[in-house]
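Below is one structure, written out as structure tokens; comments come after it.
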Amino acid sequence: RAKENGRGSFCFYTAEMNADARQLHKIEQALRVALEEGQFWIHYQPYVQQSSGLITGVEALIRWRNSAGEIVYPDQFIPVAEETGLIVPIGLWVLRSVIGVIAQWQREGHPDITFSVNVSARQFQEGHLVGQIKAALQENQINPQSLMLEITESLMIRDPEHTLNMLKEIKALGVRVALDDFGTGYSSLGYLKQFPIDLLKIDRSFINGIANSQDDETMVSAIVSMAHSLGVGVIGEGIENDQQLQRVNLHACDYVQGFFYSRPMPYDELALFFEGYQKSHLGLAESE
Ligand code: C2E
Ligand code: MG
Ligand code: MG
Ligand code: MG
């Protein structure tokens, strides 16, 4: 059964298919082709710092056009890539690409912003993630502060000791770490204390309901104040309208991200959007 995901009728994979072995194998083959033939690219979605009104960072989100010319979204293939281990080479491709793009961004003379990259648990468990990041940063002469990794709490649950060691090494490079999709899963605020996390991203399911659900609003408010008391910044994900933005701001989120500001877009568009956005917001600040 193909799940309705609101992104057209095409559906490559859903968890409901229960990882049907043949289907999985088909996608695995297609992902290998994708890597070999360069069918992936990356979109960037800005996030806005509420205190300044300016874009201070963007999140890198992988995109795929398969051999049939269909666009396949990450929710439909990242789970398969994780299950088959292909997320390791795919994730490395994303990291290297984004680090290259940071270098381009700096060469083009744009102001410094943060580029966030989603990293799967498998990448922490296998391969040589830290060494690869270090090498790519050096090769491109990038300020490590420009890079942030987005991880999920599954990592802390599965292998806390290894995760802590890896995070310490990553932090030692100067790279920052965000905890993604917070509020889903176990979401222990204890993670914020035990692990070196710089930013917490409140899952968009809470933002979704915030304008009309007291529970969601209570959750957001509690998460923000706990995070702040531990010195951790907060991003609200998935802001789609002004009402949600007003609500989220009531609870002092540091950053917000969502379609309300911008959809994820290719690099060239980002550069244009960024310049226009910053100019108009700096202009506003000056005329006030
Ligand atoms: P995520 O890291 O939580 O990324 C946010 C997702 O929410 C993105 O979906 C983004 O397009 C979407 N989004 C942003 N603002 C809004 C909004 O206002 N409304 C709604 N409805 N959606 C919004 P996307 O690009 O389809 O990615 C889905 C997930 O796939 C990501 O969730 C992340 O977990 C994973 N993913 C994407 N790229 C990568 C990657 O390079 N590596 C890994 N390991 N995972 C990735
Ligand atoms: Mg993310
Ligand atoms: Mg998220
Ligand atoms: Mg996610």
Discussion item. Yes or no: the stretch 213-235 includes at least one residue that is within 12 Å of ligand 3 (Cβ to nearest atom), within 21 Å of the chain's Cα centre (by Cα), on the phi < 0 side of the Ramachandran plot and touching a residue at least 24 places away in the same chain (Cβ under 8 Å).
Written reply: yes
Worksheet item: Are there any pairs, at least 6 apart or on different chains, whose C-beta atoms fall under 7 Å, with the first in the stretch 96-120 and within 24 Å of E153 (Cα to Cα) and the second within 16 Å of ligand 3 (Cβ to nearest atom) and in a loop (DSSP other than H, G, I, E, B), and if so, which?
Response: none
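Results for (1) in contact with a Cys (Cβ under 6 Å, 6 or more places away or on another chain); (2) more than 16 Å from ligand 1 (Cβ to nearest atom); (3) aromatic (F, W, Y); (4) modelled with pLDDT of 95 or more, shown as yes or no for each residue.
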residue	(1), (2), (3), (4)
V101	no, no, no, yes
F115	no, no, yes, yes
A135	no, yes, no, yes
T152	no, no, no, no
G174	no, yes, no, yes
G183	no, no, no, no
L199	no, no, no, yes
I202	no, no, no, no
Practice prompt. Would you mind finding the one in A81, A60 that is crowded, with 19+ Cβ neighbours inside 10 Å and over 16 Å from the mean Cα position of the chain (by Cα)?
Written response: A81
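Do we find a residue being within 16 Å of ligand 4 (Cβ to nearest atom) and surrounded by fewer than 19 Cβ atoms within 10 Å (Cβ to Cβ) anywhere in the stretch 210-230? Spell out the reasoning first.
Going residue by residue through the stretch 210-230, those that are within 16 Å of ligand 4 (Cβ to nearest atom) are none.
Looking for residues that are within 16 Å of ligand 4 (Cβ to nearest atom) and surrounded by fewer than 19 Cβ atoms within 10 Å (Cβ to Cβ), one finds none in the stretch 210-230, hence no.
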Discussion item. Show me the helices (runs of 4 or more DSSP H) entirely contained within the stretch 73-128 in which 2 or more residues are charged (D, E, K, R), away from ligand 4 (no atom under 16 Å from the Cβ) and closer than 24 Å to E139 by Cβ.
Written reply: 87-107
Discussion item. When you scan the stretch 187-208, do you find a residue that is more than 16 Å from ligand 4 (Cβ to nearest atom), within 17 Å of G258 (Cβ to Cβ) and touching a Phe, Trp or Tyr at 6+ places or on another chain (Cβ under 7 Å), even just one?
Written reply: no
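Is it the case that E28 is touching a Leu at 6+ places or on another chain (Cβ under 8 Å), more than 16 Å from ligand 4 (Cβ to nearest atom) and either among the small types (G, A, S) or farther than 30 Å from R247 by Cβ (or both)? I'd like the intermediate steps shown before the answer.
Details: touching a Leu at 6+ places or on another chain (Cβ under 8 Å): yes; more than 16 Å from ligand 4 (Cβ to nearest atom): yes; either among the small types (G, A, S) or farther than 30 Å from R247 by Cβ (or both): yes.
So E28 fits the description; yes.
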Discussion item. Residue pairs, Cβ under 7 Å, 6 or more apart or interchain, first in the stretch 163-182 and over 19 Å from E126 (Cβ atoms), second away from ligand 3 (no atom under 16 Å from the Cβ) and of a type in the set (D, E). List them.
Written reply: none
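Could you tell me whether I42 is within 16 Å of ligand 2 (Cβ to nearest atom) and at pLDDT 95 or above? Steps first, please.
Values: within 16 Å of ligand 2 (Cβ to nearest atom): yes; at pLDDT 95 or above: yes.
Yes: the conditions hold for I42.
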Worksheet item: What do you reckon, is V256 of a type in the set (V, I, T), touching a residue at least 40 places away in the same chain (Cβ under 8 Å) and more than 11 Å from ligand 1 (Cβ to nearest atom)?
Response: no
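Results for (1) surrounded by fewer than 20 Cβ atoms within 10 Å (Cβ to Cβ); (2) hydroxyl-bearing (S, T, Y); (3) within 14 Å of ligand 3 (Cβ to nearest atom), shown as yes or no for each residue.
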site	(1), (2), (3)
E169	yes, no, no
A172	yes, no, no
S188	yes, yes, no
L199	no, no, yes
S205	yes, yes, yes
Worksheet item: Which of (1) free of Cβ contacts under 8 Å to residues at least 60 places away in the same chain; (2) surrounded by 15 or more Cβ atoms within 10 Å (Cβ to Cβ) is the odd one out, the single condition N143 does not satisfy?
Response: (2)
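The values are calculated or read from the model by the stated rules, or taken from the named source; none is laboratory data. Keep in mind it's a predicted model, so treat the numbers as computed, not measured. With ideal geometry, Cβ positions are generated from the backbone for all residues, glycine too; neighbour counts draw on all protein chains shown.
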